[in-house]
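Here the structure is laid out as structure tokens; the discussion comes afterwards.
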Amino acid sequence: MSKGRIAVIGVKGLPAQQGGIERYCQQIYPRVVQQGYEVDLYARSSYTQSSRYINRVQGVRVISLPSFPLKGCDAFLNSLLAMLIAIFGNYDIIHVHALGPCLWCWLGKLFSNAKIIVTCHGLDWQRAKWGKWSSRVIRFGEKIAVIWADEIIVVSQFLRQYFQQTYQQPTHYIPTAPSPYTTDKSPQPYLQSLSLEPKKYILFLGRLVPEKRPDLLIRAFQRLQPPGWKLVLAGGHSDTQNYYRQLKQAANDNPNICFTGEIQGDLLSEMMRKAGLFVLPSDLEGLPLVLLEAMQEGIPVVASNIAPHRQLIGSDRGLLFKKGNLNACVNCLETALNSPEKLQELSENAQTYVKQNHNWDDIVAQHLLIYSSPRKTAEIRQKESSFSNELT
């Protein structure tokens, strides 16, 4: 007998391809199904590329809804359609991921008996790809979540502090965890095809978007020109073609700078495990899965000193530099490349930390506690109505 029915909204789809939220959900929801729940995940057909309306992915029903080829509108319209369907789906839980889709939480709250849960993976309205109008809509979705959601989950201590300070809103802090990589294989044909030597390249892995600052890393590498080292930028650029062209110009045909495009599966595992240094120079993150994955694999890490990175790296698990500062990035890279013994010690500390603090089974257990807890009381809802008036 099912313990409950869950609708998942705001996720592009499964199996996970590019996207941290998708990889996060691929780890959580099959485990939730194993615990006796039914899970329907509403996806975008443009992501799943499936000719079937419903597919099963590790026990999760993935329902591919039509996509809307309008830049900046696809996520909003897709999540609206998903919410309208979920309202009549007799669900016990409607779980919304990311802030933009939260715009429709009120519909689920008013027109269904489902408990509304929101997971905030980051302050998406701050992302550079969004224009002023889109950013305002996403931030309004954040406010809607505060008013209408029964529970809000955040993936970092920074986000927990943000909601407390901005809205006096308590949240559940449930960190993410690294995804497991495929079994290592030797030799390394993919590396060989790119003329890469194991442990002699710096790796950036993620979407090539302005807030992740691959441009800063390229400029730092160009200035440093470390002998015997190469720089690899692995990631897609679906909505940022102009920015990608700027990155290629900054690389200036340097044969030691390699763009691989998006990679997955065995290629991703090979690329990560054979890196000599992993660098994440972002200005904005939630709690980056890719950084956790590098730490899990024992790869030395360098990152900008934004709050989520400070939480993961601390003072003894990697090196940090002032975000957006080219000189600081250059100096930090130079220190890392010239201090192999120190970096080895830091990477061992990082590996131990991840093993002890970031476990998917523990994360799922915390979700199940929230799923099974009572909905908010009428008294709390009355207070939220008052708060709603203040926001408007």
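The values are calculated or read from the model by the stated rules, or taken from the named source; none is laboratory data. What you are looking at is a predicted structure, and each value in this text was computed from that prediction instead of being measured. In this analysis, Cβ positions are derived from the backbone assuming ideal geometry, glycine residues included, and neighbour counts consider all displayed protein chains.
Of all residues in segment 52-71, count the ones that are among the small types (Gly, Ala, Ser), surrounded by fewer than 16 Cβ atoms within 10 Å (Cβ to Cβ) and over 24 Å from Gln27 (Cα atoms).
Summing the residues that are among the small types (Gly, Ala, Ser), surrounded by fewer than 16 Cβ atoms within 10 Å (Cβ to Cβ) and over 24 Å from Gln27 (Cα atoms) in segment 52-71 gives 0.
Lys355: charged (D, E, K, R) and over 26 Å from Gly265 (Cα atoms), yes or no?
Taking the combined requirement at face value, the residue does not satisfy it.
What pairs come up if the first residue lies in segment 33-55 and is touching a residue at least 60 places away in the same chain (Cβ under 8 Å), the second is charged (D, E, K, R), and their beta carbons are under 9 Å apart, counting only those six or more places apart or on different chains?
Gln35/Lys3; Tyr37/Lys3; Tyr37/Arg5; Tyr37/Asp92
Scan segment 135-146 and tell me whether some residue there is out of contact with any Leu (no Cβ under 7 Å at 6 or more places or on another chain), outside the structural domain of Tyr243 (by TED's automatic domain parsing), outside any helix (DSSP H, G or I) and at pLDDT below 95.
The answer is no; no qualifying residue exists.
Please indicate, with yes or no, whether at least one residue in segment 334-342 is among the basic types (Lys, Arg), in the same structural domain as Gly276 (by TED's automatic domain parsing), surrounded by fewer than 23 Cβ atoms within 10 Å (Cβ to Cβ) and within 21 Å of Pro226 (Cβ to Cβ).
Yes, some residue in segment 334-342 is among the basic types (Lys, Arg), in the same structural domain as Gly276 (by TED's automatic domain parsing), surrounded by fewer than 23 Cβ atoms within 10 Å (Cβ to Cβ) and within 21 Å of Pro226 (Cβ to Cβ).
Is segment 232-241 home to any residue that is touching an Asp or Glu at 6+ places or on another chain (Cβ under 8 Å), of a type in the set (Ser, Thr, Tyr) and touching a residue at least 24 places away in the same chain (Cβ under 8 Å)?
Step one: of segment 232-241, the residues touching an Asp or Glu at 6+ places or on another chain (Cβ under 8 Å) are 234-236.
With the extra rule that they be of a type in the set (Ser, Thr, Tyr), the set shrinks to none.
No.
Does Ile94 fit the bill of being in the same structural domain as Val8 (by TED's automatic domain parsing), under 25 Å from Ser372 (Cα atoms) and not small (Gly, Ala, Ser)?
It is true that Ile94 is in the same structural domain as Val8 (by TED's automatic domain parsing), under 25 Å from Ser372 (Cα atoms) and not small (Gly, Ala, Ser).
Looking at segment 309-326, is at least one residue within 20 Å of Ala250 (Cα to Cα), assigned to a loop (DSSP other than H, G, I, E, B) and either over 22 Å from the mean Cα position of the chain (by Cα) or without any contact (Cβ under 8 Å) to a residue 40 or more places away in the chain (or both)?
So far as segment 309-326 goes, yes, one or more of its residues are within 20 Å of Ala250 (Cα to Cα), assigned to a loop (DSSP other than H, G, I, E, B) and either over 22 Å from the mean Cα position of the chain (by Cα) or without any contact (Cβ under 8 Å) to a residue 40 or more places away in the chain (or both).
Find all pairs meeting these conditions: Cβ atoms under 9 angstrom apart; at least six residues apart or on different chains; first residue within segment 253-274 and farther than 24 Å from Met295 by Cβ; second residue among the polar types (S, T, N, Q).
Final answer for the pair search is Asn254/Gln222; Asn254/Gln225; Pro255/Ser195; Asn256/Gln225; Ile257/Gln222.
Which of the residues that make up segment 108-124 are crowded, with 18+ Cβ neighbours inside 10 Å and in a helix (DSSP H, G or I)?
Within segment 108-124, Gly108, Lys109, Asp124 qualify.
Does Tyr47 satisfy the condition of being loosely packed, with under 15 Cβ neighbours inside 10 Å and farther than 26 Å from Pro374 by Cα? Break it down stepwise before answering.
Numbers: loosely packed, with under 15 Cβ neighbours inside 10 Å: no; farther than 26 Å from Pro374 by Cα: yes.
Criteria not met by Tyr47.
If a residue must be part of a helix (DSSP H, G or I) and of a type in the set (Phe, Trp, Tyr), how many such residues does segment 275-290 contain?
Residues in segment 275-290 being part of a helix (DSSP H, G or I) and of a type in the set (Phe, Trp, Tyr): 0 in total.
Could you grab me the full set of residues in segment 199-221 that are within 13 Å of Ser269 (Cα to Cα) and surrounded by fewer than 22 Cβ atoms within 10 Å (Cβ to Cβ)?
none
How do the helices (runs of 4 or more DSSP H) wholly within segment 1-96 filter down when requiring 1 or more residues that are farther than 25 Å from Asn359 by Cα: which remain?
Ranges flagged: 45-48, 74-87.
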